[in-house]
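Asks: Right, I'll just put the structure down here and ask away after.
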Amino acid sequence: MIVKKFVPCIYLLNEHAVKSLSDPFVVETDPLRLVRLYNENNADELIVFDLSEGDAEHETALDRIKEICALAEMDVIGAGNIRRPEDIKKLFYAGCRRVVLDFEKEENIALAQEVSLRFGRERLLVSYNDPAVLTANRDLVEKCVSAMLLLNPHQIRETEEILDLPFYVQINRIALNKLMEIFAYDQVCGVTGNTINDNYRDILPLKGLCRENGIQVETFEAAYKWKDFRKNSDGMVPVVVQDYRTREVLMVAYMNEEAYEQTISTGKMTYFSRSRNELWVKGKTSGHYQYVKSLTADCDMDTILARVSQVGAACHTGAKSCFFHEITKKDYEETENPLTVFQEVLDVIRDRKAHPKEGSYTNYLFDKGIDKILKKLGEEATEIVIAAKNPNPNEVKYEMSDFLYHMMVLMVEKEIGWEEITSELANRQ
């Protein structure tokens, strides 16, 4: 059974969100505000349509899409303004998980086979108004894409008769109770359009309605019920909260049964405040939400480890982590978490650029500019190749370290962070 998804979309024009593909009325000047709202209300995916024209506007739109992808707590699908394979690559570089080829355009149809071989069919969708285009290109679609986006909601049955592929349906106006009828179609995997945009606050209750009607939707499913935990004397379970990327411990809090059940149902960390004697959704006041990535119980079933995506700061003081009062420490090399080491070096290089230091080699590279940085990067890459031909592996280690340093100088010059690199690598697994 196909899991049904609630998928808002952003129609991006001149860096603003507009009403629809055909209506340029500005509904939101800051699309990132919409992303935050969709994050908070359990949207499953997000489609961003780039409605720009011309290369300059397209590049500006890509910068905006990159910001959207960095903020979104769901996969982003990029669509619009695709004319060549390079445009698809740029959407992937911006952070889109998948892209949409517009099969109403002959040039996009011509691209399908090439980009499918290059990027993989699982990362490609096709959009269309008239299912006749599917009939005319049936073999191509079956071979080159993994899903479709139907822009005309009156053609659902016709689409199912042509191809056995999952497809999203764009619907701009429909009674919410009619969504159950749309989701009842076997191949419909999601609904997008203004029906979702305008009713994003109803996504969670609509998912509940779907489950009541036997429709499978994306929700957390808990392997353990509250009765399976060993509670403390207050009937609660402590929760250790950890950043899912860096594994940094952020805070410790407590859950009662209601907090546990709400965390599971909403995907946002919810606790019980012992001092205020009330339920507490982390971030509801500050905006610093914690989105659940995983919940794991310890061997005694009396503590929960929560790995989360932390928005902003976890601590009420404004610190990223609540743990910053150092009691004692023995000197040791910070080698357990390579990402921490990389981040610390990158931070030093950033500081050198912001606060130049006389005699600094790093500042020398920045002063000489991009051509010098690239020249050194090329030289270090060559040194790795030469060192790898020698029997001593230490030479390779040293040359790789030099290369990574110069690469980080380039990252700072181009304003790229490690999270962007690691996210891109994770997408290639």
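The values are calculated or read from the model by the stated rules, or taken from the named source; none is laboratory data. Since the structure is predicted, the reported quantities are computational estimates derived from the model, not experimental observations. Every residue, glycine as well, gets a Cβ built from its backbone with ideal geometry; the counts of neighbours run over all protein chains shown. Surface accessibility is based on the protein's heavy atoms, side chains included, excluding ligands, DNA and RNA. Shrake-Rupley method; radii C 1.70, N 1.55, O 1.52, S 1.80 Å.
Asks: Checking E104 against (1) open to solvent by less than 10 Å² (accessible area, probe 1.4 Å); (2) outside any helix (DSSP H, G or I), only one condition comes out false. Which one?
Replies: (1)
Asks: Another question, then. Sort out which residues of the stretch 219-258 are charged (D, E, K, R) and touching a Phe, Trp or Tyr at 6+ places or on another chain (Cβ under 8 Å), and write them in order of number.
Replies: Of everything in the stretch 219-258, those that are charged (D, E, K, R) and touching a Phe, Trp or Tyr at 6+ places or on another chain (Cβ under 8 Å) turn out to be D234, E257, E258.
Asks: Still on this model: If C315 satisfies every condition in (1) under 30 Å from K268 (Cβ atoms); (2) modelled with pLDDT under 90 but one, which is the exception?
Replies: If we test C315 against (1) under 30 Å from K268 (Cβ atoms); (2) modelled with pLDDT under 90, just (2) comes out false.
Per-residue answers, yes or no, for (1) modelled with pLDDT of 90 or more; (2) in contact with a Cys (Cβ under 9 Å, 6 or more places away or on another chain); (3) hydrophobic (A, V, I, L, M, F, W, C):
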residue	(1), (2), (3)
V239	yes, no, yes
V252	yes, yes, yes
D302	yes, no, no
A306	yes, no, yes
N337	no, no, no
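Asks: Also: Answer yes if at least one residue in the stretch 237-258 is open to solvent by less than 30 Å² (accessible area, probe 1.4 Å), under 21 Å from S321 (Cα atoms) and free of Cβ contacts under 8 Å to residues at least 40 places away in the same chain, and no otherwise.
Replies: Checked against the condition, which is being open to solvent by less than 30 Å² (accessible area, probe 1.4 Å), under 21 Å from S321 (Cα atoms) and free of Cβ contacts under 8 Å to residues at least 40 places away in the same chain, the stretch 237-258 yields at least one hit.
Asks: On to the next question. For the stretch 44-60, does any single residue satisfy the condition of being among the small types (G, A, S) and either under 26 Å from T266 (Cα atoms) or under 18 Å from the mean Cα position of the chain (by Cα) (or both)? Break it down stepwise before answering.
Replies: Residues of the stretch 44-60 that are among the small types (G, A, S), as a first pass: 52, 54, 56.
Still in the list and also either under 26 Å from T266 (Cα atoms) or under 18 Å from the mean Cα position of the chain (by Cα) (or both): none.
Scanning the stretch 44-60 turns up no residue that is among the small types (G, A, S) and either under 26 Å from T266 (Cα atoms) or under 18 Å from the mean Cα position of the chain (by Cα) (or both).
Asks: What is the one condition in (1) open to solvent by 30 Å² or more (accessible area, probe 1.4 Å); (2) touching a helix residue (DSSP H, G or I) at 6+ places or on another chain (Cβ under 9 Å) that Y271 does not satisfy?
Replies: Failed condition: (1).
Asks: Inspect all residues belonging to the stretch 129-141 and state whether any of them is open to solvent by less than 20 Å² (accessible area, probe 1.4 Å) and within 23 Å of the chain's Cα centre (by Cα).
Replies: No, the conditions are met nowhere in the stretch 129-141.
Asks: Another question, then. Name the residue, out of A79, A70, that is under 21 Å from the mean Cα position of the chain (by Cα), modelled with pLDDT under 95 and at negative phi.
Replies: Every option except A70 fails the conditions.
Asks: Of all residues in the stretch 215-237, how many are touching a helix residue (DSSP H, G or I) at 6+ places or on another chain (Cβ under 7 Å) and either modelled with pLDDT of 95 or more or within 29 Å of V341 (Cβ to Cβ) (or both)?
Replies: Matching residues across the stretch 215-237 total 1.
Asks: Then there's this: For P153, which of the numbered conditions (1) within 19 Å of I2 (Cβ to Cβ); (2) modelled with pLDDT of 95 or more fails to hold?
Replies: All conditions pass for P153, except number (2).
Asks: Criterion first (basic (K, R) and under 20 Å from M1 (Cα atoms)) does R211 satisfy it?
Replies: Yes, satisfied.
Asks: Separate question: Filter the stretch 169-195 for residues that are closer than 16 Å to L151 by Cβ, among the polar types (S, T, N, Q) and assigned to a helix (DSSP H, G or I) and give the result.
Replies: Selection gives N194, T195.
Asks: Further, regarding this structure: How many of the residues making up the stretch 382-403 are within 20 Å of W418 (Cα to Cα) and surrounded by 14 or more Cβ atoms within 10 Å (Cβ to Cβ)?
Replies: Matching residues across the stretch 382-403 total 3.
Asks: What's the number of the condition Y128 fails, among (1) closer than 22 Å to I47 by Cα; (2) modelled with pLDDT under 95?
Replies: Among (1) closer than 22 Å to I47 by Cα; (2) modelled with pLDDT under 95, Y128 violates only (2).
Asks: Among the residues of the stretch 232-247, what is the count of those that are out of contact with any Asp or Glu (no Cβ under 9 Å at 6 or more places or on another chain) and among the small types (G, A, S)?
Replies: 1
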